[in-house]
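In what follows, a single structure is set out as structure tokens and then discussed.
The values are calculated or read from the model by the stated rules, or taken from the named source; none is laboratory data. Source: prediction; values computed, not measured. Note that we place each Cβ from the backbone using ideal geometry, even for glycine, and neighbour counts take in every protein chain shown. Surface accessibility is based on the protein's heavy atoms, side chains included, excluding ligands, DNA and RNA. Shrake-Rupley method; radii C 1.70, N 1.55, O 1.52, S 1.80 Å.
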Amino acid sequence: MNKKKISILEVGPRDGFQNLKQFLPTEKKLEIIDGLISTGVTKMEITSFVSPKAIPQMADAAEISRICTEKYPQLELYALTPNRRGVENAYAAGVRHMSYVISVSEKHNMRNINRSHDQSFADLEQIIRDFPNVDITVGMATALGCPFEGEQSVAKVVAFAERLWDAGVRKMYPADTIGVADPGLVRRIVTALREALPEAELQIHIHDTRGMGLVNTLAAIECGISTVQSTLGGLGGCPFAPGASGNTATEDLVYMLEKMGYDTGIDFDKLLALSKYQKSFVDGIYSGHQICINESKQPCC
Ligand code: COA
Ligand code: ZN
């Protein structure tokens, strides 16, 4: 019997590393990216093109991107690009897969990227027109809960996704930005999105507060999602959001899915060894994996 494939989109080098307190040398970042690829990872968010004042950890985005896109032209290597300047810089560094972010909660969008919904959508439409050969995925931040506005209604999330679809976006994902989702909510949102936009490629981005990462991811998979985001070692969170929790750990996800009979294409033993290696140098400089207290005043994703 053919196993059902689940694609893992590893976001550790972006969502994980952006949360490290001290600058992780570029060579170390590249070493982990290479290591992940050697385990079988084929989709990865490798960095973000944001203001180095906001996220100093991502100051080497251009170098990372240039090296990785040249070395692995066959892989889906993404950069997070929250504004036009980011898209231009990423494009110049060879990136052709980009994650744009707009928060479903407008309040959060203002805090995170300093844009109203209308401004963010206008920028996005212009970017889609001006960069026709860039593959754009949009993260719907706070779709599963906002630190300022609380739970977002299913109808609001669906309308937001439909607005993205009308703007030309074909790949999108609801994000549990601050780790407050539960499997019931994930099911309601994912089911409604799949009904409203059956042609869209939906992914899911989950944070792991109170051990909910695996169950929330599994709920999304059981509702038909086949690309799920996670981070090596469960790193992740937000440098400016005290208490923002880490993401679902890729090794835990691969272990669970392979045991359940899914095919992730990733070698669990190699992944575990890599996670242990990463732990040996990030442990002391990691500030994630705490209980979310929803008091973020600043960017998070
Ligand atoms: N890359 C590098 N620098 C950028 C940039 C980008 N994509 N966009 C803006 N900047 C710089 C500007 O040059 C300016 O620098 P200066 O202060 O030295 O003049 C500064 O950032 C502010 O520029 P402005 O156009 O006014 O942007 P902004 O204040 O509206 O901020 C963001 C826009 C999105 C770039 C900024 O808020 C940011 O980087 N936020 C981080 C978001 C994030 O990564 N969240 C976590 C993941 S979702
Ligand atoms: Zn995140």
Kindly indicate the residue of the stretch 54-109 that is among the polar types (S, T, N, Q) and closer than 23 Å to Pro174 by Cβ and also nearest to ligand 1 (Cβ to nearest atom) among those meeting that condition. Asn83
Which residue pairs have Cβ atoms closer than 6 Å, lie 6 or more positions apart in sequence or on different chains, and pair a first residue in the stretch 116-130 that is of a type in the set (Gly, Ala, Ser) with a second residue that is surrounded by 15 or more Cβ atoms within 10 Å (Cβ to Cβ) and not in a helix (DSSP H, G or I)? Ser120/Ile102
The stretch 77-89: number of residues that are under 25 Å from Gly40 (Cβ atoms) and either aromatic (Phe, Trp, Tyr) or more than 16 Å from ligand 2 (Cβ to nearest atom) (or both): 2
Expected output for the stretch 169-186 (first residue farther than 30 Å from Val134 by Cβ, partner open to solvent by 10 Å² or more (accessible area, probe 1.4 Å) and part of a helix (DSSP H, G or I), Cβ below 6 Å, 6+ apart or cross-chain) is Pro183/Val215
Of everything in the stretch 235-263, what is touching a Lys or Arg at 6+ places or on another chain (Cβ under 8 Å) and modelled with pLDDT of 95 or more? Give them in sequence order. Gly261, Tyr262, Asp263
Checking the structure you have, find out if any residue of the stretch 2-16 is more than 20 Å from Gly265 (Cα to Cα) and among the hydrophobic types (A, V, I, L, M, F, W, C). no
Only one residue in Ala220, Ala196, Ala200 is within 16 Å of the chain's Cα centre (by Cα), closer than 27 Å to Arg170 by Cβ and modelled with pLDDT of 95 or more. Which one? Ala220
Can Ile8 be described as surrounded by 24 or more Cβ atoms within 10 Å (Cβ to Cβ) and without any contact (Cβ under 8 Å) to a residue 40 or more places away in the chain? no
Only one residue in Ala167, Ala161 is more than 16 Å from ligand 2 (Cβ to nearest atom), surrounded by fewer than 22 Cβ atoms within 10 Å (Cβ to Cβ) and not basic (Lys, Arg). Which one? Ala167
